[in-house]
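Peer 1: Pasting in a structure now, in structure tokens, and then I'll have a few things to ask.
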Amino acid sequence: MSRKRRMFDIDMPAMDDIPVGKVPDKVLEKRRGPMATAISENADALRDQQSTEETIRAENDRLAHELVRLRSDGLVTEHVVLSDVVTEKLTRDRKPGPDPELEELKASIRDIGLSNPIRLERRADGRFDLIQGMRRLSAYRALHEETGDELYGRIPAGISEAADLNDSYRRMVDENLIRKDISFAEMGALARAYAEDPSNDCADVDKAVAVLFKSASYTKRSYIRAFASLLMMLDKVLMHPNEIPRNLGVELKRKFDANPGLVRQVSTAIMSEPDRDGPREIAILRTFTEADSTATKKPEPSGAGKTRRAKTTFQVSGRAGVAKCSASSGRIELRYDLDFTRVDRAKLEQAIATLIDDLQEEDDLTHG
């Protein structure tokens, strides 16, 4: 008896759904053995590693170029051996002699280190020219000499490429302009030294002030020129020029211009007291600016002949109350609950001088 063949229903896919010449991925995965899988995974890992390395190399190149740029601009702090720093390139605006504030700077460096690196320029011989930071360098040299500690044998510095001499002077001067303790005499002395140096090709002090103090206001440059001229007239006579207040120096210069013979009188009076200190020297100078103050005072006109002038009145609040102010042509009055006789004279002079300077710089100011 023959067996009857069984028939099975088979679901055949449509012919259009069967890819021609391509083995489905699922089939390949089923056919791929462990070794092939490992090789494929390793190749993927190598590609990822190569991509990562290329990214790192590109970033390193970018950082290297950035480091070169920052270093050339002097924005990277390096530690430089003290003996490699040369200070002869620029004439300093500090008066030679002991610095009374050096001990404070040394104490600060010992406690917290140097907060502001000095500024140097590279030289062809491998050493460095000092541009900014003479006091900081002096403090490090003193600490190294006193302690012998190699911690102070190298000083933090920003190093840039050598610049034009005028630009180097400007960098030094602009930093010093923000110092509160620099005097007009120091700035005037620097202008004189710059003008007298043949290598600077500077015809006179006026040009030196214009070059060195370009960042300063017009008024401040005029004060510096006045002090430079004053120091020239009293050359080798003044012992404490840095203590001369600005207004006193400017007034002396004005009087010398009006009466050149006064220079000799002032010199004789100063040299007659060889043991004078700073305040005494200033007192002697003041006698020549105040001597004729009463003689030159104009008589006040009578009340009947006075012409009424426009006046501006206003009030300003302060710590001690309200200040009442009135201003007219050539005159300003201030009434305030404060004993001005007990205010330090130098502080009072500075406050008034600042007020006058600010008013003088107004473009629309007219003088009566």
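The values are calculated or read from the model by the stated rules, or taken from the named source; none is laboratory data. What you see is a predicted model, and the numbers here were worked out from it, not measured in a lab. Cβ atoms come from the backbone with ideal geometry, glycine included; neighbour counts cover every protein chain shown. Protein only, heavy atoms only, side chains kept; ligands, DNA and RNA dropped before computing areas. Shrake-Rupley method; radii C 1.70, N 1.55, O 1.52, S 1.80 Å.
Peer 1: Got a sec? Which of I352, I332, I356 is surrounded by 10 or more Cβ atoms within 10 Å (Cβ to Cβ), in contact with a strand residue (DSSP E or B) (Cβ under 9 Å, 6 or more places away or on another chain) and either under 24 Å from K220 (Cα atoms) or acidic (D, E) (or both)?
Peer 2: After ruling out the rest, the residue left standing is I332.
Peer 1: I'd like to know if segment 98-105 contains one or more residues that are modelled with pLDDT of 90 or more, touching a Ser or Thr at 6+ places or on another chain (Cβ under 9 Å) and open to solvent by less than 50 Å² (accessible area, probe 1.4 Å).
Peer 2: Scanning segment 98-105 turns up no residue that is modelled with pLDDT of 90 or more, touching a Ser or Thr at 6+ places or on another chain (Cβ under 9 Å) and open to solvent by less than 50 Å² (accessible area, probe 1.4 Å).
Peer 1: Please indicate, with yes or no, whether at least one residue in segment 235-243 is touching a residue at least 40 places away in the same chain (Cβ under 8 Å), touching a helix residue (DSSP H, G or I) at 6+ places or on another chain (Cβ under 6 Å) and open to solvent by less than 40 Å² (accessible area, probe 1.4 Å).
Peer 2: The answer is yes, given that some residue of segment 235-243 is touching a residue at least 40 places away in the same chain (Cβ under 8 Å), touching a helix residue (DSSP H, G or I) at 6+ places or on another chain (Cβ under 6 Å) and open to solvent by less than 40 Å² (accessible area, probe 1.4 Å).
Peer 1: Quick check on this structure: which one of S229, S183, S168, S199 is over 23 Å from the mean Cα position of the chain (by Cα) and surrounded by 16 or more Cβ atoms within 10 Å (Cβ to Cβ)?
Peer 2: S229
Peer 1: Follow-up question, since we're still on this one. Does at least one position in segment 264-273 carry a residue that is touching a residue at least 24 places away in the same chain (Cβ under 8 Å) and out of contact with any helix residue (DSSP H, G or I) (no Cβ under 8 Å at 6 or more places or on another chain)?
Peer 2: yes
Peer 1: Continuing with this model, one more query. Any residue in segment 192-208 that's touching a residue at least 40 places away in the same chain (Cβ under 8 Å): show its pairings with residues that are among the β-branched types (V, I, T) at Cβ separation under 7 Å, as long as the two are six or more apart or on different chains.
Peer 2: Note: pairs meeting the criteria are R192/V205; A193/T91; Y194/T91; D197/T91.
Peer 1: What's the number of the only condition in (1) within 28 Å of L165 (Cα to Cα); (2) at pLDDT 80 or above that E54 fails to meet?
Peer 2: Tallying (1) within 28 Å of L165 (Cα to Cα); (2) at pLDDT 80 or above, E54 fails exactly one: (1).
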